[in-house]
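Read through the structure below, which is laid out as structure tokens, and then see the notes.
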Amino acid sequence: QVQLVESGGGLVQPGGSLRLSCAAPTIIFSISDMGWYRQAPGKQRELVATITRAGTTTYTNSVKGRFTISRDNAKNTVYLQMNSLKPEDTAVYYCNAARTDLAGTYWGQGTQGTVSS
């Protein structure tokens, strides 16, 4: 079973920063576009950011200019740097790997990010 291992969540005050990490098996990471999703209480899971194997990135409008997704292909790890955090960013954040051969997608277990004073 493929495991994506997330880390880096926590509690931060408004205006603060968090950096999430997600490590994937080499065989999956090398053939996948990677993404971060989040799910707030009572809401549907939403796409936050994606990064292709070539490094092309996309962001949902609400995080543009504040969040940065990146990937380190040598470490098989994708990151989400979250700055200028707002209470509405509070959610469980999930890492996703989408195989570019369309043979499947994989999810991490989720990491809680809470923005509160």
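Using a 7 Å offset from the Cα along the Cα-to-Cβ direction at both T58 and E88, what is the distance between the two label points in nm, to one decimal?
2.1
Please identify which residues in region 75-109 have an amide N closer than 15 Å to a label point set 7 Å out from the Cα of S116, following the Cα→Cβ vector.
86-92
Which value, in Å², gives the accessible area per residue of region 1-86 when a 1.4 Å probe is used on the protein heavy atoms? Provide the component values of the computation, followed by the final result.
On the way: 4640 Å² over 86 residues.
Solvent-accessible surface per residue comes out at 54 Å².
Give me the dipole magnitude in Debye, nearest 20, for region 23-117 about the Cα centre, with unit charges on the beta carbon: positive for Lys and Arg, negative for Asp and Glu.
On the way: 10 positive and 6 negative charges, 18 e Å.
Dipole size: approximately 80 debye.
Just from its helices, what would the mean residue ellipticity at 222 nm be for the chain, if runs of 4 or more DSSP H residues each count -39500 (n - 2.57) and the sum is divided by every residue, rounded to the nearest 500 deg cm²/dmol?
Working: 1 runs with 4 residues, N = 117.
Result for the chain: -500 deg cm²/dmol, rounded to the nearest 500.
With charges set only on the Cβ (+1 for Lys and Arg, -1 for Asp and Glu), what does the dipole of region 49-97 come to about its Cα centre, in debye to the nearest 20?
On the way: 6 positive and 3 negative charges, 28 e Å.
Roughly 140 debye, rounded to the nearest 20.
Considering only protein heavy atoms and a 1.4 Å probe, what is the carbon-and-sulfur percentage of the accessible area of region 32-93? Before the final figure, lay out each step's value.
On the way: 1480 of 3170 Å².
Of the solvent-accessible surface of region 32-93, carbon and sulfur hold 47 percent.
To the nearest 20 debye, what charge dipole does region 1-76 have about its Cα centre, counting +1 at the Cβ of each Lys and Arg and -1 at the Cβ of each Asp and Glu?
Working: 9 positive and 4 negative charges, 33 e Å.
The calculated dipole for region 1-76 is roughly 160 debye.
Bin width 10 Å, origin at 0, all Cα-Cα pairs of region 52-114: what percent of pairs per bin?
Distribution as computed: 17, 50, 29, 4 percent.
In straight Cα distance, which aspartates and glutamates are under 15 Å from K64, not counting same-chain residues fewer than 8 positions off?
Reachable aspartates and glutamates: E46, E88, D89.
Using a 10 Å cut-off on Cβ atoms, rank the peptides 97-106, 79-88, 64-73 from the highest mean neighbour count down. Don't skip to the end; give the middle numbers.
On the way: 97-106: 12.8, 79-88: 17.1, 64-73: 15.3.
Per-residue Cβ counts within 10 Å, averaged per peptide and sorted highest first, yield 79-88, 64-73, 97-106.
Just read off the accessible area of L47 with the full protein assembly in place, 1.4 Å probe, to the nearest 10 Å².
70
Expected output is a single nm value to one decimal: the length gained when fully extending between Q44 and S30, i.e. 0.36 nm times separation in residues minus the C-alpha distance. What is it?
2.2 nm
Taking the alpha-carbon set of region 1-115, what are its Rg and Dmax in Å?
Rg, Dmax (Cα atoms, Å): 13.3, 41.
The values are calculated or read from the model by the stated rules, or taken from the named source; none is laboratory data. As the structure is a computational prediction, the values presented were derived from the model and not from experiment. Glycine gets a Cβ as well: all are built from the backbone with ideal geometry, and neighbour counts include every protein chain shown. Note: accessible area is taken over every heavy atom of the protein model, side chains too, but ligands, DNA and RNA are not part of it. Shrake-Rupley method; radii C 1.70, N 1.55, O 1.52, S 1.80 Å.
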